[in-house]
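The values are calculated or read from the model by the stated rules, or taken from the named source; none is laboratory data. No experiment lies behind these values; they were computed from the predicted model shown. Positions of Cβ are backbone-derived with ideal geometry, glycine not excepted, and every protein chain shown enters the neighbour counts.
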Amino acid sequence: MRLTRIRAADFRNLTFADVSTDAPRVFLLGDNGQGKTNLLEAAALVSSFRSFRTTDISPLVRSGCVEARLRLDVRLSPEENAEIEIRLAKGSRKALLNGTPVASVAQHLGQFPTIVFCSDDLRLVRGSPSNRRRWLDAAIGGTDAAYLTAVRDYGRALDGRNALLKADVRSDEELRAFEKAMLAPAHLIATTRARILPELAATLRDACARAGFPDKGADLVYQPDVAAGQLAEIWTKTRTADLATGTTLRGPQRDDFGMLFAGKDACDYASEGQQRLLVLALCLARLQRDTLLAPTPPVILADDVLGELDETRRRAFWNEVGEKHQVIATGTVPPPSGDWLTYRVAGGSYLQA
């Protein structure tokens, strides 16, 4: 798959942008805050209409505007092209594929795969559990429509329960209704995470070897906040505490996963360099998994990460990417050696260098 053109209107800080990306390697060069990541974010929306930076639509719409509009042109093969239009407004997102409305994300998922590598990924080991959950949801949800739907449904029911917990008037019956709505998607989320993490761990060890980095006991360990079979019981037991705090204290929204190095917690026992290489191997493991599951090679969207990798890690990255994946990257310094279609970005404008 190749993204050949990105158009954006009233998206983030972009009044209007029309950028040809019809090249194997595209680089967006400029200072921070100029619009590089915004265009990359627009490109990533082609996969599931979700931002990799926020779950809220409001920040995606330019200040003072009602709606943001995107058009993404894609080449799936020499004979097959597609056009995706996305319209984003507060509390609303609509998409059309070749002029036909997309009925659901589940119907669309997997047709136009992208994988985002961002600088925050390089700090997954020491980052907060919410960062790891967001990474894991993207890694699973990129090719699993049922999981993505469960995350959405659970989030909506959880928001409803939390709002009720804060309300002046509520009843146990109303709380139980939200808990019932939360239970099935929460169970699917927990069981899927428990199944996929060992698969990713095996692929992680393979990626370590390909990166010239002995795995030394590299592993991923699922750390559920609540076992899937105990969710309903826990929500009943913690209802008093939830009412006192005004929020749901237990559930998949508190899950985490540990990253091991030499059989020990990588956060405590791996050096800074080893942690970075471990995370790079994890991202490459996801790339391998998605490439096997997706119908077309995913486009790689690398947000300000290539400059943070040393020569050994960059070489491992490019060896893994090979020639089958289009790469659209951003940075504040010129791109690595190679043939790049480069744009200088300033104030939301894109000028081919």
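What number goes with the only condition from (1) modelled with pLDDT of 85 or more; (2) in a helix (DSSP H, G or I); (3) buried (at least 18 other Cβ atoms within 10 Å of the Cβ) that Ile328 does not pass?
Evaluating Ile328 over (1) modelled with pLDDT of 85 or more; (2) in a helix (DSSP H, G or I); (3) buried (at least 18 other Cβ atoms within 10 Å of the Cβ) leaves (2) as the failure.
Mind counting the residues in segment 77-126 that are outside any strand (DSSP E or B) and out of contact with any Phe, Trp or Tyr (no Cβ under 9 Å at 6 or more places or on another chain)? Please lay out each step first, then the result.
Residues of segment 77-126 outside any strand (DSSP E or B): 78-79, 90-91, 98-99, 102-113, 119-126.
Now drop any that are not out of contact with any Phe, Trp or Tyr (no Cβ under 9 Å at 6 or more places or on another chain), which leaves 78-79, 90-91, 98-99, 103-104, 106-107, 109-113, 119, 122-123, 126.
Selection size over segment 77-126: 19.
Any residue at all in segment 49-67 that's under 28 Å from Gly322 (Cβ atoms) and surrounded by fewer than 17 Cβ atoms within 10 Å (Cβ to Cβ)?
Within segment 49-67, none of the residues are under 28 Å from Gly322 (Cβ atoms) and surrounded by fewer than 17 Cβ atoms within 10 Å (Cβ to Cβ).
Given the conditions (1) touching a Gly at 6+ places or on another chain (Cβ under 7 Å); (2) under 24 Å from Leu287 (Cβ atoms); (3) surrounded by fewer than 20 Cβ atoms within 10 Å (Cβ to Cβ), and given that Val226 satisfies all but one, which numbered condition is not satisfied?
Only one criterion in (1) touching a Gly at 6+ places or on another chain (Cβ under 7 Å); (2) under 24 Å from Leu287 (Cβ atoms); (3) surrounded by fewer than 20 Cβ atoms within 10 Å (Cβ to Cβ) is unmet by Val226, namely (2).
How many residues are among the aliphatic types (A, V, I, L, M) and closer than 15 Å to Ala17 by Cβ if we restrict to segment 62-83?
In the first step, residues of segment 62-83 are kept if they are among the aliphatic types (A, V, I, L, M); the result is 66, 68, 70, 72, 74, 76, 82.
In the following step, the residues that additionally are closer than 15 Å to Ala17 by Cβ were identified as 68, 70, 72.
Residues in segment 62-83 being among the aliphatic types (A, V, I, L, M) and closer than 15 Å to Ala17 by Cβ: 3 in total.
To keep it simple, each residue is scored yes or no on (1) touching a strand residue (DSSP E or B) at 6+ places or on another chain (Cβ under 9 Å); (2) at positive phi.
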| site | (1), (2) |
| --- | --- |
| Thr4 | yes, no |
| Phe11 | yes, no |
| Thr21 | yes, no |
| Phe27 | yes, no |
| Gly33 | no, yes |
| Val46 | yes, no |
| Ser77 | no, no |
| Leu88 | yes, no |
| Lys94 | yes, no |
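What pairs can you find where one residue is in segment 20-37 and under 23 Å from Leu60 (Cα atoms), the other is of a type outside the set (S, T, N, Q) and in a loop (DSSP other than H, G, I, E, B), and their Cβ atoms are less than 6 Å apart, with a gap of 6+ or different chains?
Within 6 Å, the pairs are Phe27/Pro335; Phe27/Trp340; Gly35/Gly348; Lys36/Gly30.
Hey, does segment 293-301 have a residue that's surrounded by 19 or more Cβ atoms within 10 Å (Cβ to Cβ), over 20 Å from the mean Cα position of the chain (by Cα) and either in contact (Cβ under 8 Å) with a residue 12 or more places away in the chain or at positive phi (or both)?
Taking every residue of segment 293-301 in turn, none turns out to be surrounded by 19 or more Cβ atoms within 10 Å (Cβ to Cβ), over 20 Å from the mean Cα position of the chain (by Cα) and either in contact (Cβ under 8 Å) with a residue 12 or more places away in the chain or at positive phi (or both).
If we scan segment 281-291, do we find a residue that is surrounded by fewer than 19 Cβ atoms within 10 Å (Cβ to Cβ) and modelled with pLDDT of 95 or more?
no
Give the residue, chosen from Gly229, Gly258, Gly246, Gly263, that is more than 24 Å from the chain's Cα centre (by Cα) and farther than 19 Å from Phe178 by Cα.
On the way: Gly229 fails: farther than 19 Å from Phe178 by Cα; Gly258 fails: more than 24 Å from the chain's Cα centre (by Cα); Gly246 fails: farther than 19 Å from Phe178 by Cα.
Of the residues listed, the single one that is more than 24 Å from the chain's Cα centre (by Cα) and farther than 19 Å from Phe178 by Cα is Gly263.
List every residue pair whose Cβ atoms sit under 6 Å apart, with the two residues 6 or more apart in sequence or on different chains, where the first one lies in segment 168-180 and is more than 24 Å from Gly229 (Cβ to Cβ) and the second, anywhere, is surrounded by 11 or more Cβ atoms within 10 Å (Cβ to Cβ).
Cβ pairs passing all conditions: Arg170/Leu164; Glu174/Leu164.
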